[in-house]
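Working notes, beginning with the structure itself.
The values are calculated or read from the model by the stated rules, or taken from the named source; none is laboratory data. All values reported here derive from a predicted model rather than from experimental measurement. Note: ideal-geometry Cβ built from the backbone for every residue, glycine included; neighbour counts use all protein chains shown.
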Amino acid sequence: MDKDLNNLVYQVRRDILRMVHQVNSGHPGGSLGCTEFFIVMFNKILNFNLPFSKDGINEDVFLLSNGHISPVYYSILSRIGFFELNELKTFRKINSRLQGHPTNHDNLPGIRISSGSLGQGLSVSIGAALSKKLNNDKSLVYVLTGDGELQEGQNWEAFMFASANKIDNLIAVIDLNGQQIDGSTSDVLDIGNLNDKLCSFGWEVIEIEEGNNMEEIFKTLTKAKESTRKRKPVAVLMKTIMGNGVDFMMHTHEWHGIAPNDEQLEIALSQNAETIGDY
C-alpha cells in the first residue's frame, strides 16, 4: 500500500485518540481496530461522489451498523473531504453534528442512517440494496457490522431474507475482533463458526485473516466485489485487533468504551507519529 495511505493510518489513529480524550468519552477500541479498513474502503474500493448526496444514486453506498465506532468514521470522512477537518473538535459536544453515534437529522455529509442501536444495520443495507435493484442502479451497497451485535436476532432474519431474495449487490463486512463491552464474544454469547453459519444461510463467504493489513483488506474486498451479481449476497469475515496501534489497548475489551486520560493519551500518541497534520 502506498506511503500516503500508511501515513493516513497514523493520522486517523491520532484523530480517534484525541477526539475521545477531549470529551472523556467515546469508543476508541473498535475504532482503532477498523482504521485500516476505513482507509482502504474510502480510498480504494468505494465509488462515491462529492459533494455528498444522501440518495446515493449511481454510486456505491456505505452504511455503518456498529455506530459506536463513529470516531474512525468521522475522521476518514473529514480527511477525504466530506466536511471540514476542524469539525472533529466538536465530537460529542452539545449541538455538534458529530454525536457519539451517527445521526442523519443534522445532514452531516457521509451519514445516511442513524446507527448505534446494534443489530439493525444489515436490515437497512438490504433495503438500500433492494432499492438499487428496483431502480436498475448497478452500484453496490456495503455495510460494516460488529461481531458482538450478531447476537441480536434481527441479523439472522436479515441473513435469511438476503439469500432467499438473492440480494447479490450487497457486501456485508463483519468486524471479528472477538470483543464486546462486557468481555469476549465467546464468553458473553458465543457466535460460533460464522463461516459455516453464513454458508448454510446461502451467503458467499470470504475471510480476511489479517484485518489490520491494508494489502490483505484491498485484495479481499476486490475479490468480494468480483463475487457480487451471482445471485448470492457476499459476507466478508474480517479478523481485526481491537485497539490496534496502541499497545496497552490491544487484545482486550477494556477499551471498548472508555477514553484515555492525559498520561495514557501521551503514551498512545507517542506510538503514532503525526504525519499529515493534527486537526
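From the list GLU209, GLU254, GLU204, pick out the single residue that is under 18 Å from the mean Cα position of the chain (by Cα) and not hydrophobic (A, V, I, L, M, F, W, C).
That would be GLU209, the only listed residue that is under 18 Å from the mean Cα position of the chain (by Cα) and not hydrophobic (A, V, I, L, M, F, W, C).
Within the set ILE217, ILE258, the sole residue that is surrounded by 15 or more Cβ atoms within 10 Å (Cβ to Cβ), touching a strand residue (DSSP E or B) at 6+ places or on another chain (Cβ under 7 Å), modelled with pLDDT of 95 or more and closer than 23 Å to ARG13 by Cβ turns out to be ILE217. Restricting the range 57-68 to residues that are aliphatic (A, V, I, L, M) and in contact with a strand residue (DSSP E or B) (Cβ under 8 Å, 6 or more places away or on another chain), the residue that is nearest to THR228 (Cα to Cα) is VAL61. Identification of helices (runs of 4 or more DSSP H) wholly contained in the range 1-71 with 1 or more residues that are touching a residue at least 40 places away in the same chain (Cβ under 8 Å) and among the acidic types (Asp, Glu) yields 3-23, 35-40.
Residues in the range 150-192 that are of a type in the set (Phe, Trp, Tyr) and in contact with a strand residue (DSSP E or B) (Cβ under 9 Å, 6 or more places away or on another chain): PHE159 alone.
In the range 184-216, what residues are under 14 Å from ILE241 (Cα atoms) and touching a residue at least 60 places away in the same chain (Cβ under 8 Å)? Those that are under 14 Å from ILE241 (Cα atoms) and touching a residue at least 60 places away in the same chain (Cβ under 8 Å): SER184, GLY211, ASN212, ASN213, MET214. Does GLY277 meet the test of being touching a helix residue (DSSP H, G or I) at 6+ places or on another chain (Cβ under 9 Å), small (Gly, Ala, Ser), at pLDDT 95 or above and buried (at least 22 other Cβ atoms within 10 Å of the Cβ)? It is false that GLY277 is touching a helix residue (DSSP H, G or I) at 6+ places or on another chain (Cβ under 9 Å), small (Gly, Ala, Ser), at pLDDT 95 or above and buried (at least 22 other Cβ atoms within 10 Å of the Cβ).
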